[in-house]
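Read through the structure below, which is laid out as structure tokens, and then see the notes.
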2 protein chains.
Amino acid sequence: MIGSDDRLLVAVSGGKDSLMVWDALVRLGYQADGLYLGLGIGEYSDESGGFARRFAEERGLRLIEIDLRQQYGYDIPAGSRAAKRAPCSACGLSKRHLFNAAALEGGYDAVVTGHNLDDEAAVLFGNVMRWEEGYLGRQYPVLPAGPGFVRKVKPLVRLGERETAAYCVLRGIDYVLDECPMAVGNKHLGYKEILNDMEARSPGSKAAFLFGFIERAHGRFAGDAEEERDDLGACTQCGAPTPGDVCAFCRLVERAGGAMPSGSSPVELRRKAG
Amino acid sequence: MIGSDDRLLVAVSGGKDSLMVWDALVRLGYQADGLYLGLGIGEYSDESGGFARRFAEERGLRLIEIDLRQQYGYDIPAGSRAAKRAPCSACGLSKRHLFNAAALEGGYDAVVTGHNLDDEAAVLFGNVMRWEEGYLGRQYPVLPAGPGFVRKVKPLVRLGERETAAYCVLRGIDYVLDECPMAVGNKHLGYKEILNDMEARSPGSKAAFLFGFIERAHGRFAGDAEEERDDLGACTQCGAPTPGDVCAFCRLVERAGGAMPSGSSPVELRRKAG
């Protein structure tokens, strides 16, 4: 998952999972910087950004910040409306693109996210309900690097939400407690509820679902994800991998009335990706 | 699924699904006899048997009956306690074995069951939650014949429970309305509830789950099921396919204090199966 000399970029939201994984990696001696995205979701963003900054400052860690509104001319609430995408869809797309691009630009070996067992099981649940072959092939605790992609790793997939919260309490880490207000009522949270109900009736069922998939089913779908990757070309605007001419992120920015920052260069991104 | 000259044996419970599929097959001109198992579940069995018998009598159809208590010396309530199996597990095992054995003995080409979309989606849900590779490989609307196995077909997998009930109402078919009292609170019904909640929030999700599996995922597991079949030998007591020396049905009968009827011959079963 992670080599001892790897330079890591941790996707930091200010919540318990991302602060835990950053803290744990630094304690274990890894070189890990943080990246915080200003999503422009009102008070929630102000507050979560505050937790991320205080965490980094108190520990003398480097926190990179990207503000969607300032640097790309849109935020998630306005952008999702303009692009007619659900907020969580516009947000996930923005995060995936920008974490990967920032890691490539900064020469990092991997992007680390704090996804825990509850998150991963709920994502898997949604992918299985629709049998999304490509998504199922990509759902794994380690996604290797490829042309245009840095490695993605999820070290916390074996820990439940209550365990990452307990870690933060024991380590004295302050984190944002609120859920994102735009996520209220989304399918992902509905899947978490279903899995929590099943866990209450049959303890261990959540772990059996996720790890059973990883051990006995993921390999059956991995080929689909590899084929999809092989078919990607470079976005004509930003150079990111895309199945079409212009990547979904550039289309989102355009429809949301924003613009790519002048410093970003497609050629640069592709070269580093190779 | 079914050839025009096939001799079919319909697994009849007295409920809406099995009576619908029997009715529909006969109307379509197929040769279809029924098989009813007397499970010995108190009033529920008395009542459901009555519906099956009246249906057959009124239409001049042939209904074969096997009574577990009279012919095998056990019933589901006592047998499941003695064998320390959940009632639904002892019942499912008994049904699978006896429907297959009766079809082989009677020279039928296929066993037809009334499993509908709701049933199949709930079974799939349970198998996916535990990633039961072998069960996933065998979950398909048609299971081909093999050594010791007749073909199994489920013509109603595209119809929901409300549709099969509506068919029976429109055709004037009386069927047992009660659920089996031993099934109350079992996991299968819990999975049905979860899927019904999801269907209410996202109409079409149940069909997307089952047919997505059939179209895009089943083939990835089919090899496991074939390998399991290839590894089966003949039960030393009854001749049925089994991974061990004595099949699970014979062990259930023995532990439940019952006995195989004197007329049944292992050699006979195996010969017909080939």
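Read the figures in this text as sums done on the coordinates, not as results from a lab. Just so we're clear, the structure is a prediction, and the values are computed from it rather than from any experiment. No Cβ is skipped: glycine too gets one built from the backbone with ideal geometry, and neighbour counts run over all protein chains shown.
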Shape box of region B:97-199 [Cα atoms, principal axes, largest first, Å]: 41, 40, 26
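How crowded by other chains is B:127-133, given as the mean number of beta carbons from other chains within 10 Å of each beta carbon?
6
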Rounded to the nearest 5, what % of the DSSP beta bridges within the protein assembly as shown are antiparallel ones? 25 percent
Measuring nothing but label to label, 7 Å from Cα along Cα→Cβ, what are B:Leu61's distances to the other copies in nm, shortest first? 6.7
Going by the rotation axis that takes chain A to chain B, pick out the residue of A with the closest C-beta and quote the gap in whole Å. A:Arg220, 2
Which whole-number value in Å³ per residue fits the convex hull of the alpha carbons of the protein assembly as shown? 180 Å³
What FRET efficiency do you get for B:Glu47 and B:Ala207 if R0 is 41 Å and r is their Cβ-Cβ distance, rounded to the nearest 0.05? 0.85
Which value in deg cm²/dmol, rounded to the nearest 500, describes the helix-derived mean residue ellipticity at 222 nm for the protein assembly as shown, given -39,500 (n - 2.57) per DSSP H run of n ≥ 4 and division by the residue count? -16000 deg cm²/dmol
Based on a Kirkwood Rh over C-alpha pairs, give the Stokes-Einstein translational diffusion coefficient of region A:151-216 at 25 °C and viscosity 0.890 mPa s in µm²/s. 174 µm²/s
Are there DSSP H segments in chain B that both extend 24 Å or more along their axis (alpha-carbon positions) and score a mean Kyte-Doolittle hydropathy of at least 0.0? List them, or say none. B:87-105
To the nearest 20 Debye, how big is the dipole of region A:141-274 about its Cα centre, given +1 on the beta carbon of each Lys and Arg and -1 on that of each Asp and Glu? 300 debye
Could you work out the pair-distance distribution P(r) of region A:77-136 from its alpha-carbon pairs, with 10 angstrom bin width and percents rounded to whole numbers? 19, 36, 40, 6
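Inside 10 Å of the C-beta atoms of B:210-216, what's the mean count of C-beta atoms belonging to other chains?
The per-residue average across the peptide is 3.
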Using all alpha carbons of chain A, what is the percent of pairwise distances in each 5 Å bin, ordered from the shortest bin to the longest? 1, 6, 12, 16, 19, 19, 16, 9, 3, 1, 0
How far is A:Arg255 from the same spot in each other copy, in nm, shortest first, if each label point sits 7 Å from Cα toward Cβ? 5.8
Label point distance in nm, A:Leu177-B:Leu170, each placed 7 Å from Cα along Cα→Cβ: 5.6 nm
In debye, nearest 20, what is the charge dipole magnitude of region B:79-200 about its Cα centre with +1 on Lys and Arg Cβ and -1 on Asp and Glu Cβ, if you could check? 500 debye
Distance check, please: which entries in A:Lys154/A:Lys192; A:Lys206/B:Lys95; B:Lys84/B:Lys206; B:Lys95/B:Lys187; B:Lys16/B:Lys206 exceed 22 angstrom between their Cα atoms? A:Lys206/B:Lys95; B:Lys84/B:Lys206
What Rg and what Dmax come out for region A:1-155 when only alpha-carbon atoms are used, in angstroms? 15.6, 44
Distance between the C-alpha centers of region A:23-54 and region A:229-251? Whole Å please. 28 Å
Starting from a label point 7 Å past Cα on the Cβ side, list the distances from A:Ala200 to the same position in the other copies, nm, shortest first. 1.6
Enumerate the amide H contacts of A:Arg151 below 5 Å, restricted to partners 5 or more residues apart or on another chain; note that Pro and chain-start residues carry no placed amide H. A:Val111, A:Ala145
Shape call for region B:148-268, from the Cα gyration tensor axes a ≥ b ≥ c (a/c under 1.5 means rounded, otherwise prolate when a/b beats b/c, else oblate), comes out prolate
